[in-house]
Amino acid sequence: MSKRGVGVLLVLTVIIAVGTIAIDYHFDKLMSEERAAGLARDREIGSISEGLAALRAAQAGYVAAGQGTSFWMSRVSELAAQIDGAIAAQRAATSTSTARGLYDAAASALSDFNAIDTRARTSVNQGDRLYASDLIFMDGLESNSKIAVALAEARKAEQTANEERLIRLSRLRLAVSGVATLFVLVVAAYFGRMLTRVEPKPAASTVQMIRDLPPPVKNSVTHPAQAAPPPPQSPRTVNLTAAAELCVDLARVTDGRDVPALLERAARVLEAKGVILWALNADGSRLHPSIAHGYPDRLMARLGTLQVDADNVTSMAYRSLRAQSVNGVGPSDSGAIAVPLITSSGCVGVLAAETRQNKPGTDILPVARIIAAQLAALVVPGEAGSQKAVQA
């Protein structure tokens, strides 16, 4: 995965983690509100039940000896109105159809109670306390009991509905937290596997970039020296005479068609298997292979362009304005050098070479810098030039 992809994954993980905390807090708030609402409904129904008891007692005062009937009649009217309003409020607030039907039954029983109470008052006012007692202690008590039973059933229905809502919220909360936790664990496992596989390695060289290409492409590059580990060699020095003559000829170039032959001579001076001249594009963001020696056209096409901020020695040489070298991974592997092409207007490209030696000699970089200084005058930033490789 690219660095950008890893960054996006980390940001997404942080967002999900923060979002999970926020959602968990929201669910906790909803569940607290649901519990509080359930307790409030339970208290309201309990208050209505207490009002029913007071209603029965006040109605009994109609026929009690020595009691003022007008006071108790006013009290009954007041309590009945309060109970009717409380039942209507509970019916309007409930979201449960079962409880709503029970509130309707309670309201209907209260209406019957009020009708019985009207008849009882008429009997009391007419002095017929015996009939009034029958109405109060038989018919009125039955209606009152119906109200109490309906309210008790509604109370149970509300409690059941409240518990079901809490269970749903709890399960939903658990599901959201579980999905978020699973995602974080998957990301953690992914990065854990990446950390166990990642090993420090040097910046990629031209040699490594060629090695990473598909077999049909890279196999077309023949390097006889790599067929078997080379025998131990004594330290060699660069042919300074050949280097000087090359620089003289580079300074006299007037025709771009002469450059491939000069680049071939540069490869011999640097004891390189292949040389690539990378030029800066017009917007200064990429390096493209302008001309090369030692590599076929197909391979050069697959190399493509290099971002100037990429992790390879060619881009690093451009950014740092300093010559770079990389040793071969194994004894039989080639090394690589990269030298910036610097002019008065800045760096215009990079000269990259695949050396025959596993470890580029200390005298190769200084000579490569001299050659690069001459080649820099031939490179025009933003022009592709001849992008065809010259065969060895």
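The values are calculated or read from the model by the stated rules, or taken from the named source; none is laboratory data. Owing to the predicted nature of the structure, the values given are computational and were not obtained by experimental measurement. So basically every Cβ, Gly included, is an ideal-geometry build from the backbone, and we count neighbours across all protein chains shown.
Some notes on this structure:
- Matching residues in segment 256-289 - criterion: being in a strand (DSSP E or B) and within 24 Å of Val238 (Cβ to Cβ): Ala272, Lys273, Gly274, Val275, Ile276, Leu277, Trp278
- Note on segment 14-33: among residues that are of a type outside the set (A, V, I, L, M, F, W, C) and surrounded by fewer than 16 Cβ atoms within 10 Å (Cβ to Cβ), the one that is farthest from Val76 (Cα to Cα) is Gly19.
- Within segment 134-145, being buried (at least 17 other Cβ atoms within 10 Å of the Cβ) and either among the β-branched types (Val, Ile, Thr) or touching a residue at least 24 places away in the same chain (Cβ under 8 Å) (or both) holds for Ile136, Gly140, Ser143, Asn144.
- The one condition in (1) out of contact with any helix residue (DSSP H, G or I) (no Cβ under 7 Å at 6 or more places or on another chain); (2) in contact (Cβ under 8 Å) with a residue 60 or more places away in the chain; (3) of a type in the set (S, T, N, Q) that Gln90 fails to fulfil: (1)
Every residue, every condition in (1) over 21 Å from Phe183 (Cβ atoms); (2) acidic (Asp, Glu); (3) free of Cβ contacts under 8 Å to residues at least 40 places away in the same chain, yes or no:
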{"position": "Leu9", "(1), (2), (3)": "no, no, no"}
{"position": "Thr13", "(1), (2), (3)": "no, no, no"}
{"position": "Ile21", "(1), (2), (3)": "no, no, yes"}
{"position": "Phe27", "(1), (2), (3)": "no, no, no"}
{"position": "Glu33", "(1), (2), (3)": "yes, yes, yes"}
{"position": "Ala36", "(1), (2), (3)": "yes, no, yes"}
{"position": "Arg41", "(1), (2), (3)": "yes, no, no"}
{"position": "Ile45", "(1), (2), (3)": "yes, no, no"}
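- Options Arg298, Arg356: the member that is farther than 28 Å from Ala242 by Cα and assigned by TED's automatic domain parsing to the domain that holds Leu250: Arg298
- Number of positions in segment 290-325 that are in a helix (DSSP H, G or I), modelled with pLDDT of 90 or more and among the basic types (Lys, Arg): 1
- Being in the same structural domain as Gly140 (by TED's automatic domain parsing), loosely packed, with under 15 Cβ neighbours inside 10 Å, under 24 Å from Leu166 (Cα atoms) and free of Cβ contacts under 8 Å to residues at least 24 places away in the same chain is not true of Ala53.
- Selection status of Met194, crowded, with 16+ Cβ neighbours inside 10 Å and at pLDDT 60 or above: no
- Where a residue in segment 244-263 is modelled with pLDDT of 85 or more and its partner, wherever it lies, is among the charged types (D, E, K, R) and in a loop (DSSP other than H, G, I, E, B), with Cβ under 8 Å and at least six apart: none
- Among the residues of segment 353-384, those identified as of a type in the set (A, V, I, L, M, F, W, C) and within 16 Å of Leu262 (Cβ to Cβ) are Ala353, Val367, Ala368, Ile370, Ile371, Ala372, Ala373, Leu375, Ala376, Ala377, Leu378, Val379.
- For segment 342-367, residues that are among the small types (Gly, Ala, Ser) and part of a loop (DSSP other than H, G, I, E, B) total 3.
- Residue count for segment 270-287 satisfying the condition of being under 17 Å from Gly346 (Cα atoms) and either surrounded by fewer than 21 Cβ atoms within 10 Å (Cβ to Cβ) or out of contact with any Cys (no Cβ under 8 Å at 6 or more places or on another chain) (or both): 10.
- Scan segment 326-341 for residues that are charged (D, E, K, R) and assigned to a strand (DSSP E or B) and the total you get is 0.
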